[in-house]
Structures are given as structure tokens and as C-alpha cells.
Amino acid sequence: MWRFRNGAKWRELPERFGHWSTVNGRFRQWRDVGVFTAVFQGAIAEAAKRGLVDLSLVSVDSTTVLAHHDATGMIVEPEILDALEKAAAENGAPARNKTGNWTRSGKNDDA
């Protein structure tokens, strides 16, 4: 976290965290097996279950959040997506209907 907060290179990591190459290797292993995705999905799911998801606080600005040109999006488990969409609908955000189209009311427009 220190590295990302400071925008530093791996070689600039303070010695108190261990040798930079060891820390980098462990980070890559955890990334590759999905540890960070699981942690973030778990936190989102728990917050959604408790009704603590406030999507009005979410803002993505491509001038500050860059993605690799091969990025296609994060895979989210269906139950997590359902919990997020339910929380969004309760807060008046648009929701998807059965055809995948977005509706302002959050109600199913396919009927």
C-alpha cells in the first residue's frame, strides 16, 4: 500500500517492509491468484448487505484512473452484482431490466 500511496518504484520501498524484490514477488503472486479481487469483492458484498453502499460517492474519471488498453472489466460474482444493483435501486440509481437495458425507475420495463 505504501508504494501505491506514494507512487514510488518497487526499488524505492523502505527496508522496513523487506527486500523490494521479495515484496514485489509476493504482490504478483497474490495478484495472480486473485487475493485482491476477493478482498475487494468481499468488502463490497458485506457493505451492500449492511445497506452501506452509496453509489453517489463513486466517480471514475479517465484522466486520473487509467486502464491498460487490454482491460475489459472486472468479473463480479452474480450475487455480489445483485446486491450492488439492489442497493443502487434503493438509492434511486438506474437499474437494468431483463433485456440488459437501463431504466431510471429501477422497475422492470419488460412487463
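Of the residues Thr22, Thr37, the single one that is surrounded by 12 or more Cβ atoms within 10 Å (Cβ to Cβ), part of a helix (DSSP H, G or I) and free of Cβ contacts under 8 Å to residues at least 60 places away in the same chain is Thr37.
Scanning segment 35-50 for residues that are more than 15 Å from Pro78 (Cα to Cα) and in contact with a helix residue (DSSP H, G or I) (Cβ under 9 Å, 6 or more places away or on another chain) yields a total of 3.
Of Glu90, Glu46, all but one fail to be out of contact with any Gly (no Cβ under 8 Å at 6 or more places or on another chain) and either surrounded by 10 or more Cβ atoms within 10 Å (Cβ to Cβ) or modelled with pLDDT of 85 or more (or both); the exception is Glu46. Evaluate the following for Gly42: is it assigned by TED's automatic domain parsing to the domain that holds Glu77 and not β-branched (Val, Ile, Thr)? Here the answer is yes, as Gly42 does meet what is asked. Residues being surrounded by 16 or more Cβ atoms within 10 Å (Cβ to Cβ) and either charged (D, E, K, R) or at pLDDT below 65 (or both): count how many of those fall in segment 71-85. Summing the residues that are surrounded by 16 or more Cβ atoms within 10 Å (Cβ to Cβ) and either charged (D, E, K, R) or at pLDDT below 65 (or both) in segment 71-85 gives 1.
The values are calculated or read from the model by the stated rules, or taken from the named source; none is laboratory data. Just so it is clear, the structure is predicted and the values come from calculations on it, not from any experiment. Cβ atoms come from the backbone with ideal geometry, glycine included; neighbour counts cover every protein chain shown.
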